[in-house]
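One structure below.
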Amino acid sequence: MTEPRPTREHLYEIIFEADTRAGRAFDLAVLLLIVSSIVTVMLESVPRLRARYGTWFDTIEWTLTVLFTLEYLARLSCVRRPLRYAWSLFGVIDLLAILPSYLSLFASGTESLVVIRALRLLRVFRVFKLARFLSEADVLLRALRASVPKMTVFLITVLIIITIVGTAMYLVEGAENPGFANIPQSVYWAIVTVTTVGFGDSVPLTTTGKLLASLLMITGFGILAVPSGIMAAEIFQQRGPRQPTTQVCPECLAEGHDHDAAFCKLCGGKLN
């Protein structure tokens, strides 16, 4: 017979892991409570609803606050290093999620800050086995860094085009059109046009100006596609085959370990 697992270890598995049925159920319940709390705060901000259902809103919010407080204390009690968890990203978010309600007892208006709980919805990545998106964020970050030289050249090229066209528009339109009264204003128009924003506050009136504007608009469509191509190529280069799990290291609380990992990749601690 296998020995029963310690209560603390079992509680840790339920609260911090999403690989078990109990862990998924716990995280789903927390997410539903978070959404309920946010919806309550949003509805309470409507004067008509607050006047009619204010007592119900207060009851719901304080009930949820007590539940979140118990959950936060349970998280602290089951980790090996409570202070490390308290100062971790999710630990700080969990604390900020309950503080506004208690602060509202001393300062009115702070209860609306409970929308900070929306940050806790980040746990949905673990609940639905989408922890691989956490690694995708790392891939994106590496792709952004690798694309800096190419993007720098691209932006310098765009800046040169904008300056040339803006100056040309000043020469063509400046005498008759107040929207192109100086080169900086003309360059501003070129930026708005090449990015396909088109505020319409400056419009060319001459035939030559309209021709330049048309060419810049067409060029803008091609220019917008370049950054996407650069990023797509870099992401393809940076993407790896690793698919992490939702397992959390009991020592340093790091996530994103490989399926066959027995020890934490950051601190070397043994994984459950």
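The values are calculated or read from the model by the stated rules, or taken from the named source; none is laboratory data. Just so we're clear, the structure is a prediction, and the values are computed from it rather than from any experiment. Cβ sites come from the backbone with ideal geometry, for glycine too, and all protein chains shown count toward neighbours.
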Task: Failed item in (1) in contact with a helix residue (DSSP H, G or I) (Cβ under 8 Å, 6 or more places away or on another chain); (2) modelled with pLDDT of 85 or more; (3) among the aliphatic types (A, V, I, L, M), with residue 51 passing the rest - done: (1)
Open item on the list: What are the pairs with Cβ atoms under 9 angstrom where one residue, in the stretch 61-88, is aromatic (Phe, Trp, Tyr) and the other, located anywhere, is part of a loop (DSSP other than H, G, I, E, B) and surrounded by 14 or more Cβ atoms within 10 Å (Cβ to Cβ)? Sequence gap at least six, or different chains.
Closed with: 85/79; 85/253
Open item on the list: Looking at 198, 179 in this structure, which one is modelled with pLDDT under 85 and part of a loop (DSSP other than H, G, I, E, B)?
Closed with: 198
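Take the residues of the stretch 215-272 that are outside any helix (DSSP H, G or I) and β-branched (Val, Ile, Thr): which is modelled with the highest pLDDT?
Of the residues in the stretch 215-272, the ones outside any helix (DSSP H, G or I) are 239-272.
From the residues that got through so far, the ones that are β-branched (Val, Ile, Thr) too are 245-246, 248.
Working: 245: 59, 246: 59, 248: 70.
The residue in question is 248.
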- [ ] Confirm whether residue 227 is under 37 Å from the mean Cα position of the chain (by Cα) and either surrounded by 15 or more Cβ atoms within 10 Å (Cβ to Cβ) or not aliphatic (A, V, I, L, M) (or both).
- [x] yes
Open item on the list: Of the conditions (1) at pLDDT 85 or above; (2) touching a His at 6+ places or on another chain (Cβ under 6 Å); (3) of a type outside the set (Lys, Arg), residue 187 satisfies every one except a single condition; which number is it?
Closed with: (2)
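In the stretch 1-110, which helices (runs of 4 or more DSSP H) lie fully inside it and hold 1 or more residues that are closer than 15 Å to residue 250 by Cβ and charged (D, E, K, R)? Lay out the reasoning, then the answer.
Working: elements: 7-16, 21-44, 47-78, 82-86, 89-103.
Answer list for the stretch 1-110: 7-16, 47-78, 82-86.
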Open item on the list: Test of understanding: among 74, 131, 97, which residue is at pLDDT 80 or above and either crowded, with 16+ Cβ neighbours inside 10 Å or within 22 Å of residue 20 (Cβ to Cβ) (or both)?
Closed with: 74
Task: Test for residue 153: is it buried (at least 16 other Cβ atoms within 10 Å of the Cβ) and either closer than 30 Å to residue 196 by Cβ or modelled with pLDDT of 85 or more (or both) - done: no
